[in-house]
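Structure first, commentary second.
The values are calculated or read from the model by the stated rules, or taken from the named source; none is laboratory data. Every value quoted in this text rests on a predicted model; they were computed, and no experiment measured them. All Cβ positions, even for glycine, are placed from backbone atoms using ideal geometry, and neighbour counts span all protein chains on display. These area figures cover heavy atoms from the full protein model, side chains too; ligands, DNA and RNA do not enter into them. Shrake-Rupley method; radii C 1.70, N 1.55, O 1.52, S 1.80 Å.
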Amino acid sequence: MAPEAKKEIDPAERELCALMQGYLDGRLEAFDGVYAALSGRIRGYLLSQCRDAARADDLLQETFLQMHRSRRTYEPGRPVTPWVFAIARHVYLMHRRSAGRRLRFEDTLAADARSNDVAHDAVRALADTDEVRRALREVPADQRDALLLHHVEGWSFAEIAAKLGIRVNAAKTRAFRGMKKMRDQLKGSQG
């Protein structure tokens, strides 16, 4: 019986592993090597997902930023390419989710305006940044933080909960109540 066989890593991946180890050890030129080796392939993947070259470039930069932030989760000796592609996939999915959330938020505001039979000028006033800022000032700070992190920054409720040191349900509740309070303020300033 043959001894336990380890899956052989190809030479290019072995070189990436060495570069990644150098990057973990603090050598910035090693990051440049990882970027040079993977950026074209990652960009191609992102472009195939979003079909927008400018968006793919933005997501590529976000992928490498997230790689930097998550570098301590990399297990030395393991293949680098699948790890970075997983980060790229996560970045793309987070982009899609936040874009969908923004569209739903805008649709909700538009539906509220239509359902209240608000005049066209009033809808413009609703979008006025000064009015929104005034309404946000009336939202309690804990609710405002959750609202802004979720609806503006695109954070998940789990991320908000971790940042604020609260439970996920509390983060959802704060964001929901903050949004309701802001809508009420905006409706009150219109009427």
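Using a 1.4 Å probe, how large is the accessible area of TYR45, given in Å² and rounded to the nearest 10?
50 Å²
Would you please give the FRET efficiency between GLU29 and ARG183, computed as 1/(1 + (r/R0)^6) with r the Cβ-Cβ distance and R0 = 41 Å, to the nearest 0.05?
Working from the Cβ atoms, E equals 0.20.
Let's test the formula: R0 of 35 Å, r as the Cβ-Cβ distance of SER48 and LYS172. What FRET efficiency results, to the nearest 0.05?
0.55
Taking the full set of protein chains and a 1.4 angstrom probe, give the accessible area of GLU75 in square angstrom, rounded to the nearest 10.
110 Å²
Accessible area of the stretch 127-191 with a 1.4 Å probe: how many percent of it is carbon plus sulfur? Provide the component values of the computation, followed by the final result.
Numbers: 1920 of 3960 Å².
The C+S portion of the solvent-accessible surface of the stretch 127-191 is 48 percent.
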